Amino acid sequence: MATAEAETGITWAQLTLALQQLAIERGHYHGYPTPVDGLRMELAAGFPYPGYAEIGMPDATFVCTNRDVDETAGIRNYWFSKRLRRGVWIYMEQGRIRHLIEPKADYAIRFEQLFNTLRAGLAWRVDAEIRAQQKLRDLVGEDRFGRYLCTGAIMERSRRSSLVYVFRRLLPTIVLRSTDESVRVLACLCLHPLGYYTGTHAGCMVPTDDLIAHLLLMRADEHMLWRRCNQHPAWLPQAGI
Amino acid sequence: MSGVLEILNVGLGDLKITWDPESEEDRQRAQKMIEALLRQGYAILVQDEDSELHARATGFDRERDAYVVPEEDQATGRTKRTYRRRTTTRATAVGRSAGG
């Protein structure tokens, strides 16, 4: 990454700013995400340029001969096994159904996500994150903002449903049902305005803006928040617990 | 509270849009922008004055120059239209999202 900056004389921050100026001129006020080498973007439906997510991805073309083509080959199913703590693939090969248990354990997936999230950090401007934090302080008050700075999380109980939301920086929001007798994790909600980098916890927006989106949607329209989010059970690596 | 529209933006944190309440040109430009945002699928979340309460605007009324916010009538259980004036409301626009 440092080499690219040295070669072109353009910093990542300058590139990000230029993309936003272009986006605003075209009436796309959410802006355009910054592509990061080797990290695929998953963009929201309706993003104005469908091929944008492929920028920075290696060419996927491959060549095969007609001697090694297996017409029956294909993936039938995939799930993450809570018991095995690994992904399980069911696939067809040579007309037979086979299975593969991924050698990668859940902690390895979590580490990969963490590492790739660090890479995705190139896409964010520090001044944008600071502005987002100033907005968050206005929304939650000085005390809770101070705790957010120290812990990276904010808790709030919904006035409508009484569910407790733990909004976390760079991680899915944990939703709890809390009664006098027990506390239970209902789900971990993952949502990124505009899009996110796959295999990471990084959204296209700066981390605090992602959190603000979760917080405001919870306050304003909880049903919409749940409709738009991916809902992960707590034990999945993607839940970030 | 004076009116402001903050649009969450990828590279800038947020775009803060304010208006001159006396300017007709500003009013028309603001209305066009808000209607365009709603058409593009943005969620516009309006804040109650001096409160943490927020609601989602489902439309914009040009004549009233106000966001349309549905509210449930506690007595009848029916949903009724209420209005939040653009020039005195703090609103945040969040673009369409991708689940993670």
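Of the numbered criteria (1) open to solvent by 40 Å² or more (accessible area, probe 1.4 Å); (2) closer than 30 Å to residue B:17 by Cα; (3) at pLDDT below 90, the one residue A:29 fails is (3).
Candidates are the residues of the stretch B:1-26 that are among the acidic types (Asp, Glu) and part of a loop (DSSP other than H, G, I, E, B); the one that is farthest from the other protein chains (Cβ to nearest Cβ) is B:22. Restricting the stretch A:86-136 to residues that are aromatic (Phe, Trp, Tyr) and surrounded by 14 or more Cβ atoms within 10 Å (Cβ to Cβ) leaves a set whose member that is nearest to the other protein chains (Cβ to nearest Cβ) is A:124. Restricting the search to strands (runs of 3 or more DSSP E) fully inside the stretch B:61-100 and requiring at least 1 residues that are touching a strand residue (DSSP E or B) at 6+ places or on another chain (Cβ under 8 Å), away from chain A (no Cβ under 11 Å) and of a type in the set (D, E, K, R) gives B:66-72, B:79-85.
When you scan the stretch A:130-139, do you find a residue that is assigned to a helix (DSSP H, G or I) and β-branched (Val, Ile, Thr), even just one?
The initial filter retains those residues of the stretch A:130-139 that are assigned to a helix (DSSP H, G or I), namely A:130-139.
Those still in the list that are β-branched (Val, Ile, Thr) too: A:130.
Yes, that holds for at least one residue.
Name the residues in the stretch A:216-237 that are more than 9 Å from chain B (Cβ to nearest Cβ), surrounded by fewer than 24 Cβ atoms within 10 Å (Cβ to Cβ) and closer than 25 Å to residue A:28 by Cβ, would you? Hit for the stretch A:216-237 is A:227, nothing else. Selection of first residues in the stretch B:23-40 that are on the phi > 0 side of the Ramachandran plot and of second residues that are not in a helix (DSSP H, G or I), restricted to Cβ pairs under 9 Å at least 6 apart or on distinct chains, gives an empty result.
The values are calculated or read from the model by the stated rules, or taken from the named source; none is laboratory data. In this text, all values refer to a predicted model and were calculated from it rather than measured experimentally. When we count neighbours, we look across all protein chains shown, and the Cβ atoms used for this are built from the backbone with ideal geometry, even at glycine. SASA here: full protein model, heavy atoms, side chains in, ligands and nucleic acids out. Shrake-Rupley method; radii C 1.70, N 1.55, O 1.52, S 1.80 Å.
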